[in-house]
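Taken together, the values in this text are just the output of simple stated rules run on the coordinates, not laboratory data. Keep in mind the model is a prediction, meaning the values are calculated, not measured. Glycine also receives a Cβ, built like all others from the backbone with ideal geometry; neighbour counts cover every protein chain displayed.
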Amino acid sequence: MKITKTAFASTFLAVSLTPALGMAQTELQFGHVGNPGSLFDVSATEFAERANERLGDDYEVEVYGSSQLGGDESMMQKLKLGQVTFSLPSTVMSSVVDEFGLFEMPYLIKDREHMKRVIDEVLEPDLYPLVEEEGYKILAVWENGFRQITNNERPINTPEDLDGLKLRTPKGTWRVRMFEEYGANPSPMALSEVFTALQTGTMDGQENPLVQIYSQKFQEVQDYLSMTNHVYTPAYVVVGKDHWESLPEDVRDVLEETAQEVQDFVYETAAKQDEELLGEMEAAGMEINEADQQAFIDASDPIYKRFDEEVEGGGDLIDRVLELGEEE
């Protein structure tokens, strides 16, 4: 069964004929921005394979990676219009619901077990309903990962080393503000545009999880990799609420259950990739350093304060997440 298409995809929900049965088969498109080999690609493909085994002959999940269906913002609009069934946004969610800026706060999530508790006790009860008010539904929380900094100027050990650095960030308000606070010159940019920006010097550097860095081949155009672990970014399996409710209940049950089941696979794969890719980066010629994370933490207080001031209940959300991080 074909899961991933590499050719340019129609942005409309596709319906094709199943020759052997003479029945209409509805294609459920899953769009994401990750390149082949990325965690997004591996996660979405695993989901499609598991779901298609259970869906029968009437519905089939097809995965379209590498921004074939558009960037994150574009796909969020297509979800509402029913032109795409699933997307896998990460940072862009803070542009949909202010409270999702919580996951742009530096050094907030300790590890994946901590994140699981946050999903159960903060995301599901408090933030999921806010997403539904905007016309979306989150089926499950997967991962983008712990973010590191690459650049062509110098190793980044402390925030002072970022001074004046032209740094690409995702399109999230709080990520931009964080790097401004650290002294960089951040510029939001679609992931599909970053390689060329780094290659031509339009940007000095960028920040992403290791697997995104490697699958986007940034190691080919970047000299330094600094292990800052400055933000852990979840990724959300999101559908448009109206289109979702138009699907048969048994189909929805299969898809939602499968999306949640895949979470453990995503976390295990992410941890394994993190271990393996450092060696690959070094072999590619990158100079790798461990940043002084405490120096970054000490420089992060203004970001937390602004989130508390500008987002209703923001300080309470931060406190609750930090408390969950203290649990064993």
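Length gained on full extension, Asn157 to Glu280: 42.2 nm, using 0.36 nm per residue less the C-alpha separation. Between helix 173-182 and the chain, what is the angle of the helix's C-alpha long axis to the longest principal axis, kept within 0 to 90° and rounded to the nearest 10? With rounding to tens, the tilt is 20 degrees. Largest GNM mean-square fluctuation across Asp274, Asp250, Asp301, computed for the chain with C-alpha springs under 10 Å, falls on Asp250.
With contacts taken as Cα pairs under 8 Å at a separation of at least 6 residues, the stretch 105-202 carries a relative contact order of 20 percent.
Ordering Ala140, Val42, Val262 by the projection of their Cα atoms onto the charge dipole of the chain, which places +1 on the Cβ of Lys and Arg and -1 on the Cβ of Asp and Glu, puts Val42 at the extreme positive end. Distance from the C-alpha centroid of the stretch 152-166 to that of the stretch 71-97: 32 Å, rounded to the whole angstrom. Computed over the stretch 198-283, the percent of Cα pairs more than 14 Å apart is 73. On the principal axes of its alpha carbon atoms, the stretch 21-74 extends 34, 21, 14 Å, with the longest extent given first.
Rounded to the nearest 500, the 222 nm mean residue ellipticity of the chain from helices alone is -12500 deg cm²/dmol, with -39,500 (n - 2.57) taken per DSSP H run of at least 4 residues. Between the alpha-carbon centres of the stretch 109-134 and the stretch 174-213 there is a gap of 26 Å. Against the main long axis of the alpha-carbon atoms of the chain, helix 72-81 sits at an angle near 30°.
Output the relative contact order of the chain, whole-number percent, from Cα pairs under 8 angstrom with separation of 6+ residues.
24 percent
Mean silhouette area of the chain, derived from the convex hull of its C-alpha atoms and averaged over all directions, reads 16.2 nm². Near Leu198: Cβ cut-off under 11 Å, other residues only, Lys/Arg at +1 and Asp/Glu at -1. The net charge is -1. The residues packed around Gly172, meaning those with a beta-carbon under 15 Å from its beta-carbon, carry a net charge of -3 if Lys and Arg are +1 and Asp and Glu are -1.
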